[in-house]
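*Asks:* Here you go, one structure.
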Amino acid sequence: GVEVQTDYVPLLNSLAMYGWQLTCVLPTPIVKTNREGDLSTKQIVFLQRPSLPQKAKKKESKVNNL
């Protein structure tokens with residue numbers, strides 16, 4: 001008789017523009033009740049993005065100075 005509602009779509013869409021990807025969601029033992037009696041929990045969201053390639057300019061400038 002319990003319905004769980006989560007909506008990470010707006011968060012994920014806003015962060016996806018910068019290359020972030022959802023890797024894991026961990027529930028916490030923190031539970032709160034609002035005035036209507038609805039329960040809410042806190043969750044920890046882990047995101048990652050691929051590492052950016054190193055710029056080759058530094059290497060090129062060292063070669064040109066030799």
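*Asks:* Going by the alpha-carbon gyration tensor, a ≥ b ≥ c the square roots of its eigenvalues, is the range 6-46 rounded (a/c under 1.5) or, if a/c is not under 1.5, prolate (a/b greater than b/c) versus oblate?
*Replies:* Oblate shape, in that a/c is at least 1.5 and b/c is the bigger or equal ratio.
*Asks:* Once you keep just the Cα pairs under 8 angstrom separated by 6 or more residues, what percentage relative contact order results for the range 6-46? Walk me through the numbers before you get to the answer.
*Replies:* Values: 39 pairs, mean separation 14.1, N = 41.
RCO, the range 6-46: 34 percent.
*Asks:* Now for a separate question. Rounded to the nearest percent, how much of the accessible area of the range 6-46 (1.4 Å probe, protein heavy atoms only) is carbon and sulfur? All intermediate terms of the calculation are to be shown ahead of the outcome.
*Replies:* On the way: 2090 of 3490 Å².
Carbon and sulfur together cover 60 percent of it.
*Asks:* Now for a different question. Tell me the per residue accessible area of the range 6-46 using a 1.4 Å probe; a whole number in Å² is fine. Let's see the in-between values first.
*Replies:* Working: 3490 Å² over 41 residues.
It amounts to 85 Å² per residue over the range 6-46.
The values are calculated or read from the model by the stated rules, or taken from the named source; none is laboratory data. Source: prediction; values computed, not measured. Note: areas computed on protein heavy atoms with side chains; ligands, DNA, RNA excluded. Shrake-Rupley method; radii C 1.70, N 1.55, O 1.52, S 1.80 Å.
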